[in-house]
Amino acid sequence: MEDVQTFKDQLALVNIQLESDKDNADLLTLKGELEELISLTEQAAAAAAEPKKSKGKGKEKEKAEHAANWQDSGEYRAGMDCMAKYKDGKWYPARINQVVGSQESPLYTITFKGYTSSTNVPVSSLRPHDPSAPIPVPVKRPAELSEREKEKKKRKGEKWMSSLKERDQEARSKQNSWEKFGKKAQKKGIHIAGLEGKSVFRTSDSPYARVGVFNSGHGMKDFDKMGKHKFARPLDEE
């Protein structure tokens with residue numbers, strides 16, 4: 001494009017000179033040549049720019065398609081078998097369930113062979129699959145661990161029983177103290193109801209006895225006998 005601008009500047013100078021000398025054959029020839037050069041140069045530049053433009057569009061389209069399907073274009077894809085690094089630092093056979101995260105920082109959801117739980121790991125924790133690698137056997141809970149739990153429950157039960165015994169002993173101690181207090185009171189001639197094991201609401205063996213509070217200090221209450229009610233005839237009816 002710089003050549004085109006140079007040709008245009010030269011053409012402008014030729015036109016200025018032709019204004020004072022319109023019939024100059026050399027200037028007219030030079031003008032025609034410059035106009036032809038400008039036209040050819042512009043056509044060549046347009047032809048060169050068109051393939052670049054279409055090529056750029058193709059690259060953009062390819063880039064967009066790649067960005068849309070980046071999960072399927074990496075080294076590790078969903079459904080592939082691989083070797084994955086475990087917490088203990090060792091590598092075990094695993095299967096990739098899906099690819100998550102972003103194209104810049106992908107994460108791989110894997111399941112170790114022989115297990116059912118899944119976990120997400122970065123690409124640095126993956127290696128190509130090794131068919132000769134043994135499949136790990138799921139670690140069962142050791143028997144001594146259950147024995148520990150049994151021992152723990154046993155100790156907890158013993159502690160609870162000990163607490164019950166302490167509370168029972170405390171209740172018995174209070175009961176004994178109360179009985180001793182009652183016996184001392186009886187020796188002094190003070191009767192405390194309930195210490196002899198007899199109810200304060202007890203009655204005699206007589207079928208005609210009435211219920212009352214024993215040793216309350218009050219006699220039995222007398223009630224008026226209820227007789228048959230007699231209705232008197234009103235005076236107006238006579």
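All of the numbers you see were taken from the coordinates with simple rules; none came from a lab. Please read all numbers here as calculations on a predicted model, not as lab measurements. Heads up, the Cβs are rebuilt from the backbone with ideal geometry, glycines too, and the neighbour counts pull from every protein chain shown.
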- Query: Residues with amide H under 5 Å of Leu107's amide H, sequence separation 5 or more or different chain, H placed in the peptide plane at 1.01 Å from N; which?
  - Reply: Val100, Gly101, Ser102
- Amide H partners (placed H, <5 Å) of His129, local residues excluded: Met83
- Using label points projected 7 Å from each Cα along Cα→Cβ, tell me how many nm separate Glu33 and Arg167, to one decimal. 12.2 nm
- Query: What ranking, highest mean first, results for peptides 120-130, 16-26 when packing means the other Cβ atoms within 10 Å averaged over each residue?
  - Reply: 120-130, 16-26
- Query: Can you list, largest first and rounded to whole Å, the semi-axes you get for the stretch 75-128 by taking the square root of 5 times each eigenvalue of its Cα gyration tensor?
  - Reply: 16, 12, 10
- Note on the structure: XL table Lys159/Lys180; Lys154/Lys174; Lys85/Lys113; Lys8/Lys31; Cα-Cα > 21 Å flagged, in table order, is Lys159/Lys180; Lys154/Lys174
- Task: In nm, give the distance between the simple-model label positions of Thr119 and Glu42, each being 7 Å from the Cα along the Cα-to-Cβ direction.
- Result: 7.0 nm
- Run the quick spin-label model on Gln103 and Lys22: label points 7 Å from Cα toward the beta carbon, then report their separation in nm to one decimal. 6.5 nm
- Note on the structure: Taking placed amide H atoms and a strict 5 Å upper bound, the residues 5 or more places from Thr119 or on another chain that come that close are Ile110
